[in-house]
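The values are calculated or read from the model by the stated rules, or taken from the named source; none is laboratory data. Computed from a prediction, not measured in an experiment: that's the story for all the values here. Glycine gets a Cβ as well: all are built from the backbone with ideal geometry, and neighbour counts include every protein chain shown.
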Amino acid sequence: MAYLYDCHVHTSETSWCGMISAAEMVRLYAQAGYTGIVITDHYFQQYFESLPQKLWEEKIAVFLEGYRAAYAEGQARGLEVLLGVELRFHNRIEDYLVYGITPEFLVDHPRLYEHTVESFFEFSRNHNLLVVQAHPFRPGQAPARPAYLDGVEVYNGNPRHNSSNHLALDFARRYNLIQISGSDAHQLTDVGVGGIYLDRRVSSSQEFAAYLRENPVPTRKTTETAAVGM
Ligand SMILES: [Zn+2]
Ligand SMILES: [Zn+2]
């Protein structure tokens with residue numbers, strides 16, 4: 001029995017580029033037979049500075065609107081909805097998927113984008129977070145030094161970008177990094193093309209991170225394997 005999770009999903013409530021509401025996303029993933037999804041909305045400096053709210057806690061409440069709506073719908077439909085972020089640091093254009101967080105953590109640790117990838121990795125050790133670089137070989141982006149990563153998104157399903165997934169897979173294998181697969185779902189055609197198979201159900205972002213530490217190379221769902229019915 002395998003439990004399919006998508007590691008990289010956006011909501012239109014929170015991500016400017018998202019085209020599908022959280023509740024609709026959950027409905028689509030439940031229909032597609034997934035056990036769970038991780039909501040990884042974009043977390044970056046310009047987003048938070050654009051919000052009219054003054055207090056950080058209020059800004060995070062706005063940021064979490066997509067996750068909270070997805071979670072509520074997930075409860076109704078039996079889909080596990082976990083919290084992650086797709087984090088971009090102030091000084092770079094690469095993106096990092098972060099797992100092992102809670103809403104309270106995001107309130108208590110403001111402006112994570114002020115870190116660099118190096119300082120964030122050290123910070124992540126003290127908070128038991130998992131740091132996974134998203135699509136590191138997209139044009140204009142570059143992989144971080146492997147010493148500052150737990151893992152790599154070796155399959156990114158977004159069809160509107162050339163992510164050179166084969167290079168990401170080579171990189172992860174060479175440096176023994178955790179390998180994940182995500183749809184990077186923003187719109188209908190993206191839904192359910194990626195994901196990983198777990199051998200048990202997990203119900204929180206921390207459990208998800210712990211699972212990946214124990215199982216660094218989970219079986220991946222990609223469009224290729226999806227075509228043969230895996
Ligand atoms: Zn996006
Ligand atoms: Zn994304």
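For the range 118-128, the condition of being of a type in the set (A, V, I, L, M, F, W, C) and within 15 Å of ligand 2 (Cβ to nearest atom) holds for none of the residues. Among the residues of the range 56-112, those that are surrounded by 21 or more Cβ atoms within 10 Å (Cβ to Cβ) and hydroxyl-bearing (Ser, Thr, Tyr) comprise Tyr67, Tyr96, Tyr99. Within the set Leu167, Leu177, the sole residue that is on the phi < 0 side of the Ramachandran plot, of a type in the set (A, V, I, L, M, F, W, C), crowded, with 18+ Cβ neighbours inside 10 Å and more than 16 Å from ligand 1 (Cβ to nearest atom) turns out to be Leu177. Of the set (1) within 16 Å of ligand 1 (Cβ to nearest atom); (2) of a type in the set (A, V, I, L, M); (3) crowded, with 22+ Cβ neighbours inside 10 Å, all apply to Ile196 but (1). Checking each residue in the range 4-33 for being more than 16 Å from ligand 1 (Cβ to nearest atom), of a type outside the set (A, V, I, L, M) and outside any helix (DSSP H, G or I) picks out Tyr5, Gly33.
Among the residues of the range 76-88, some residue qualifies, meaning at least one is farther than 21 Å from Gly194 by Cα and modelled with pLDDT of 95 or more. Going by the conditions given, is Ile39 of a type in the set (Val, Ile, Thr), in a strand (DSSP E or B) and touching a strand residue (DSSP E or B) at 6+ places or on another chain (Cβ under 9 Å)? Yes, satisfied.
Being of a type in the set (Gly, Ala, Ser) and either away from ligand 2 (no atom under 16 Å from the Cβ) or out of contact with any helix residue (DSSP H, G or I) (no Cβ under 8 Å at 6 or more places or on another chain) (or both) holds for only one residue in Gly140, Gly151, Gly192, and it is Gly140.
Scanning the range 139-162 for residues that are more than 23 Å from Asn215 (Cβ to Cβ) and buried (at least 20 other Cβ atoms within 10 Å of the Cβ) yields a total of 1.
Residues of the range 82-95 that are within 19 Å of the chain's Cα centre (by Cα) and away from ligand 2 (no atom under 16 Å from the Cβ): His90 alone.
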